[in-house]
Amino acid sequence: MSEIPTDESIDATWLTAALRSNGFSAEVKDFTRRQIGTGQIGKCIRYDMEIEGDPNAPRSLIGKFPSDDPLSQATGVALRNFLKEVSFYQQLQSSLSIRTPRCYFAQIKNEGPEFMLLLEDLSPAEQGNQLAGCSESVARAALAEIVGLHAPSWNDSRLLELDWLGRATPETSDMVTTLYNTQLPGFLEKFGDKLDADQRAIISAYGQSKALQQRSQSQPFSLVHIDFRLDNLLIDESGSAPVVTTVDWQSITLGNPMTDVAYFIGAGLLEDTRRPVEEKLVREYYQALLGAGIADYDWEDCWEDYRRATFAGFSVTVVASMLVQQTQRGDEMFTAMAQRHSRHALDLGADQLL
């Protein structure tokens with residue numbers, strides 16, 4: 001199982017070997033494949049299998065591969081997206097309490113683009129819809145899950161030794177700022193007419209600010225997903241409360257944990273839903289941190305970090321929208337993100353922090 005297959009090379013023999021290497025006495029007799037999702041960097045395939053033998057063996061699995069688009073592949077290598085996601089499953093998943101798919105195979109050649117993941121199929125859970133937004137109950141379930149990423153890794157100095165993981169430094173912050181400002185004119189040309197004047201102004205002003213970048217290098221730090229939004233969540237609402245599983249770990253790094261919280265709330269809740277509930281949601285997240293044993297973080301610091309973190313979506317929106325394969329759905333998503341993140345920052349007066 002050490003060789004990395006492509007989608008085209010996957011066959012029943014390979015799937016059988018994958019199941020057996022994970023402890024299932026099963027044989028795949030036949031299977032069908034279907035592409036799912038609309039990933040910008042990776043391509044996901046669902047394999048529905050006809051199996052003989054072990055009744056506990058999964059009947060469907062998800063294979064993840066690099067995008068077929070050369071630009072997306074180059075972006076995935078340059079931003080270490082492929083390396084990060086494979087390394088997450090190889091080295092970090094087992095130490096965290098956040099709900100993630102079981103991983104059956106994870107291999108990469110160098111830093112990509114050649115890689116493959118074979119993951120648990122979590123249907124009937126469905127991918128969240130970034131454009132539609134989510135309910136307060138789904139947001140609450142998602143934020144409860146992200147505590148399971150942040151609390152187990154809170155200020156853990158051992159993580160600093162993982163070179164592939166990365167953490168903001170003055171040098172990397174300067175690189176991100178340069179990249180942001182390089183892509184900003186094209187972004188504003190393409191999406192600017194869909195934004196209000198104050199939204200365009202704060203998106204432009206962010207690229208000139210040093211204060212927030214310096215703050216991002218300070219404590220507390222934890223593992224952060226970075227792209228913690230609805231499109232990267234699988235949501236099962238068949239029970240009495242939503243069950244949320246987090247996928248797409250290709251941007252994971254070290255940073256301020258409120259980055260994930262503000263990014264999710266700002267992008268995932270429509271404005272009229274967000275405004276009356278967001279402080280309540282952040283307080284519930286904060287109480288969950290305390291319940292997980294985090295005792296060195298005051299509420300006042302938490303809320304201030306949250307306000308600063310409303311800018312977390314700016315870089316993702318501006319840079320990614322210019323460096324990945326262009327699709328209609330992708331453009332609609334980046335438009336919504338630009339509108340929501342900028343309005344979120346303005347609503348909380350975060351422009352005063354620039």
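The values are calculated or read from the model by the stated rules, or taken from the named source; none is laboratory data. Note that the structure is a prediction, hence the values are computed from the model and not measured. Glycine also receives a Cβ, built like all others from the backbone with ideal geometry; neighbour counts cover every protein chain displayed.
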Please specify each residue of region 1-20 satisfying the condition of being exposed (fewer than 11 other Cβ atoms within 10 Å of the Cβ) and not in a helix (DSSP H, G or I).
-> SER2, GLU3
Quickly run through region 26-81 and pick out the residues that are free of Cβ contacts under 8 Å to residues at least 24 places away in the same chain, under 26 Å from the mean Cα position of the chain (by Cα) and more than 30 Å from LEU162 (Cβ to Cβ).
-> ARG34, GLN35, ASP48
Given SER97, SER67, SER9, SER21, which one is touching a helix residue (DSSP H, G or I) at 6+ places or on another chain (Cβ under 9 Å) and either more than 20 Å from ASP231 (Cβ to Cβ) or aliphatic (A, V, I, L, M) (or both)?
-> SER97
Determine whether GLU126 is of a type in the set (Asp, Glu), out of contact with any Gly (no Cβ under 9 Å at 6 or more places or on another chain) and either surrounded by 14 or more Cβ atoms within 10 Å (Cβ to Cβ) or at pLDDT 95 or above (or both).
-> no
Would you check which residues across region 293-334 are more than 21 Å from TYR180 (Cβ to Cβ) and of a type in the set (Ser, Thr, Tyr) and list them?
-> TYR297, TYR306, THR327
Considering only region 341-354, state which residues are buried (at least 17 other Cβ atoms within 10 Å of the Cβ) and either without any contact (Cβ under 8 Å) to a residue 24 or more places away in the chain or acidic (Asp, Glu) (or both).
-> ASP351
Answer yes or no as to whether ALA338 is touching a Leu at 6+ places or on another chain (Cβ under 8 Å), touching a residue at least 24 places away in the same chain (Cβ under 8 Å) and farther than 23 Å from ALA74 by Cα.
-> yes
Odd one out for VAL147 among (1) in a helix (DSSP H, G or I); (2) aliphatic (A, V, I, L, M); (3) surrounded by fewer than 18 Cβ atoms within 10 Å (Cβ to Cβ) | (3)
Free of Cβ contacts under 8 Å to residues at least 60 places away in the same chain and either closer than 28 Å to LYS84 by Cα or not assigned by TED's automatic domain parsing to the domain that holds ASP260 (or both), is that true of ASP156?
-> no
If we keep just the residues of region 4-25 that are without any contact (Cβ under 8 Å) to a residue 24 or more places away in the chain and of a type in the set (Asp, Glu), which is nearest to ALA74 (Cα to Cα)?
-> GLU8
Of the residues in region 79-125, those that are closer than 16 Å to CYS44 by Cβ and among the acidic types (Asp, Glu) number 3
Within region 157-182, how many residues are assigned to a helix (DSSP H, G or I) and either modelled with pLDDT of 95 or more or of a type in the set (D, E, K, R) (or both)?
-> 5
Out of (1) surrounded by 19 or more Cβ atoms within 10 Å (Cβ to Cβ); (2) over 23 Å from the mean Cα position of the chain (by Cα); (3) among the acidic types (Asp, Glu), what's the single condition that is false for ASP305?
-> (2)
Working carefully through the options ILE62, ILE98, find the one that is modelled with pLDDT of 95 or more, assigned to a loop (DSSP other than H, G, I, E, B), of a type in the set (A, V, I, L, M, F, W, C) and not assigned by TED's automatic domain parsing to the domain that holds HIS150.
-> ILE98
